[in-house]
Amino acid sequence: MTHKFHTSTLTAQASVATDTSYGAVMPPLHLSSNFTFAGLGEKRQYDYSRSGNPTRDALGDALAKLENGCGATVVSSGMASLTLVLQLVDQGGLVIAPHDCYGGTHRLLTSLEKRGLLRVLFVDQNNQQELDVAFKQNPALVLIETPSNPLLRITDIKHITNLAKACGAISVVDNTFLSPALQRPLDLGADIVVHSTTKYLNGHSDVVGGAAIAKNPELAEKLGWWANCLGITGAPFDSYQTLRGIRTLDIRIKQQSKTTETVAEFLEAHPAVTKVYYPGLKNHPGHAIAKQQQFGFGAMLSFEVDGDFAQLSQFVDGLKLFTLAESLGGVESLIAHPATMTHAAMDEEARQTAGIADNLFRISVGLEHADDLVDDLSKALLLLNKKSTFARAG
């Protein structure tokens, strides 16, 4: 399948002028939990909102078009989307996952493994030797997260999905950090794309949701069946809000990405910053692959600073435009400390293996002016002393 229109057109036109009842330009919100039967034994298109809802389907249709998929299942959160795709793994089946994946993903997989529901192998997906060993074990599902959270590592989607196809494994790509405006994994060989729609797709930090978009009808049908069976489908109002947010996705994330490049260049040159993780920088190990498979470098970056915990606190307290909070992808700029926030569920050994240092910060760049954000970071970084209990990164 190929796009008939540009992403900006698809987002602006999402479900516009589709109301057949009254001709509303914007689709109505259907909050009803149930729908009438035409008569005994005569079910209409919708009967119960857990199973199907017009507003949720409108969002799903928009997401499927944006990702070039056959169908999308809208669920209640990003973690629900991962829970959903894991239903495709039979008991005891092997899941290959990134060694530096999102902390919630790591927690879910390790917890399911402890219960004997699946096996998980965390692999550095940029290490061919580790990949060779992992794929010889006949995985059922391969999870790819690119750019990774929080270190912005880039994984070659085509390469990993080809390995998955060769052994009959389902390949799933978490596209939350970029959205279909900047990356379309299904076009690169993936079978399923998952999102936390809470992030860039909604874009306003007022909804929690998720989605899984399938490349073929069979997978789309299975995902829809399991979502209804588990009862994890998304709420109509959340779907309505997310659909509204999608209409500005393309212009939002492109402006945010442009600002992030400026912020990354500033941080890279600052003496108190020991390392910057941003694929848009030419010295980033994944820069070349990112240029090949992405349409932009995104609005997420991470960096390490020279300071102990008390100094890190002073730095955060000194920020005025970056709010200390989890999540990402909204119009407002956020800063997170992965070791104590997004990846706190990982034990210290797992964080060290992933490369998540105690002096690492992750920022989500919003729609504020680049000059203001750079000025805010500059003033806060002045609060860091030159001496540090952390070793400088090489």
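Throughout, read-outs are computed from the coordinates displayed, never taken from laboratory work. What you are looking at is a predicted structure, and each value in this text was computed from that prediction instead of being measured. A quick note on method: Cβ atoms are made from the backbone with ideal geometry, for glycine too, and the neighbour counts reach across all protein chains shown.
Odds and ends about this structure:
- Close amide H partners of residue 71, meaning residues 5 or more places away or on another chain with modelled amide H under 5 Å apart, are 214.
- The chain - percent relative contact order, Cα under 8 Å, separation 6 or more: 18
- Here region 285-367 has an Rg and Dmax of 14.1, 41 Å, counting Cα atoms alone.
- Positive contributions from Lys and Arg (+1) and negative ones from Asp and Glu (-1), summed over other residues with Cβ under 10 Å from the Cβ of residue 331, come out at -1.
- Cut-off 14 Å, label 7 Å out along Cα→Cβ of residue 115, residues of region 218-252 by amide N: 230-231
- Which listed pairs, of 199/258; 199/275; 222/254; 4/254; 165/291, have C-alpha distances above 29 Å, in listed order: 222/254
- Ranking of 26, 300, 346 by neighbouring Cβ atoms within 10 Å, starting from the fewest: 26, 346, 300.
- GNM top mover of 150, 28, 139 - the chain, alpha-carbon springs below 10 Å: 28
- Cleavage-rule hits (trypsin sites (Lys or Arg not before Pro)) in region 59-120: DSSP loop, at most 11 neighbouring Cβ within 10 angstrom: 115
- Result for the chain in a Gaussian network model with C-alpha springs under 10 Å: among 202, 149, 34, the largest mean-square fluctuation is at 34.
- Answer label, with semi-axes √(5λ) of the Cα gyration tensor in Å calculated from the coordinates and candidates (i) 36, 26, 19; (ii) 52, 27, 19; (iii) 45, 27, 24: (i)
- Exposure proxy ranking, count of Cβ atoms within 10 Å, fewest first, for 200, 278, 22: 22, 278, 200
- Across 83, 262, 242, mean-square fluctuation computed from a Gaussian network of the chain (C-alpha pairs under 10 Å connected) peaks at 262.
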